[in-house]
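A short write-up of the structure that comes next.
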Amino acid sequence: MRFDDTRVMRAIHDGVRAAAARHGRDVVRADDHDYTGELWTNVALCLENSDLVIAVLDQVERSDCDASVMVELGFALAAGRRCLILVERRLRELPAVLRHRLTYDFDALDLPGSIERRVDDWLARNGDG
């Protein structure tokens with residue numbers, strides 16, 4: 001997800017953390033700790049050491065789909081990580097390389113509730129395998 005420190009991004013982050021905690025999962029975002037002193041190696045380290053990845057695609061506060069999120073999601077998919085791809089329901093179009101994947105919508109006007117419900121449901125079905 002974007003690292004922007006806004007009300008919407010904090011609500012999304014809080015919803016993911018709350019749902020994951022109910023399933024005994026720790027959520028680590030690459031900006032939680034500085035493990036390497038450099039952003040990309042920090043992101044790569046987190047992705048390499050995760051068994052599940054949650055990607056958030058949105059156009060809530062910006063009109064673009066964050067390119068950094070797309071690079072990180074591509075890295076996770078190429079590494080064979082199980083990925084929950086959350087897409088804000090108003091996102092106009094998914095990038096072509098993701099159109100064949102299962103994605104799960106959420107509503108930015110219902111935060112953190114819609115995020116929590118989606119993460120809860122996905123983890124209940126996929127998080128313990």
statement: Within region 102-129, the count of residues that are β-branched (V, I, T) and either without any contact (Cβ under 8 Å) to a residue 12 or more places away in the chain or in a helix (DSSP H, G or I) (or both) comes to 2
- prompt: (1) open to solvent by less than 60 Å² (accessible area, probe 1.4 Å); (2) hydrophobic (A, V, I, L, M, F, W, C); (3) at pLDDT below 95: which one isn't true of V16, the others all being true?
  reply: (3)
- prompt: What are the residues in region 102-113 that are surrounded by 19 or more Cβ atoms within 10 Å (Cβ to Cβ) and in contact with a Leu (Cβ under 9 Å, 6 or more places away or on another chain), if any?
  reply: F106
statement: Note on region 114-125: residues open to solvent by 70 Å² or more (accessible area, probe 1.4 Å) and in contact with a Leu (Cβ under 9 Å, 6 or more places away or on another chain) are R118
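Test R99 against the stated conditions and say whether it is touching a residue at least 60 places away in the same chain (Cβ under 8 Å), open to solvent by 40 Å² or more (accessible area, probe 1.4 Å), over 16 Å from R2 (Cβ atoms) and basic (K, R).
no
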message: Tally up the residues in region 75-129 that are more than 21 Å from C46 (Cβ to Cβ) and aromatic (F, W, Y), please.
response: 2
- line: Expected output for region 1-24 (first residue without any contact (Cβ under 8 Å) to a residue 24 or more places away in the chain, partner surrounded by 14 or more Cβ atoms within 10 Å (Cβ to Cβ), Cβ below 6 Å, 6+ apart or cross-chain) is R17/V27
message: I'm trying to understand the selection: among the residues of region 41-62, which are in contact (Cβ under 8 Å) with a residue 24 or more places away in the chain and in a helix (DSSP H, G or I)?
response: V43, A44, L47, E48
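Going through region 81-90 one residue at a time, which ones are part of a loop (DSSP other than H, G, I, E, B) and surrounded by 15 or more Cβ atoms within 10 Å (Cβ to Cβ)?
Let us first name the residues in region 81-90 that are part of a loop (DSSP other than H, G, I, E, B), namely 81, 89-90.
R81 - this is the single residue of region 81-90 that is part of a loop (DSSP other than H, G, I, E, B) and surrounded by 15 or more Cβ atoms within 10 Å (Cβ to Cβ).
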statement: Flagged in region 1-30 as closer than 15 Å to N49 by Cα and either in contact with a His (Cβ under 6 Å, 6 or more places away or on another chain) or not basic (K, R) (or both), in numbering order, are D26, V27, V28, A30
- prompt: When D34 is evaluated against the numbered criteria (1) open to solvent by less than 60 Å² (accessible area, probe 1.4 Å); (2) more than 26 Å from D121 (Cβ to Cβ), which criterion, by number, is the only one it fails?
  reply: (1)
message: Looking at region 65-80, can you tell me whether even one residue there is open to solvent by 60 Å² or more (accessible area, probe 1.4 Å), in contact (Cβ under 8 Å) with a residue 40 or more places away in the chain and in a loop (DSSP other than H, G, I, E, B)?
response: no
field: Positions within region 78-107 being over 19 Å from V27 (Cα atoms) and in contact with a Lys or Arg (Cβ under 7 Å, 6 or more places away or on another chain), in sequence order
entry: D105, D107
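The values are calculated or read from the model by the stated rules, or taken from the named source; none is laboratory data. In this text the structure is predicted, and so the values were computed from the model without any measurement. Note: ideal-geometry Cβ built from the backbone for every residue, glycine included; neighbour counts use all protein chains shown. Accessible surface areas use protein heavy atoms only, side chains included; no ligands, DNA or RNA. Shrake-Rupley method; radii C 1.70, N 1.55, O 1.52, S 1.80 Å.
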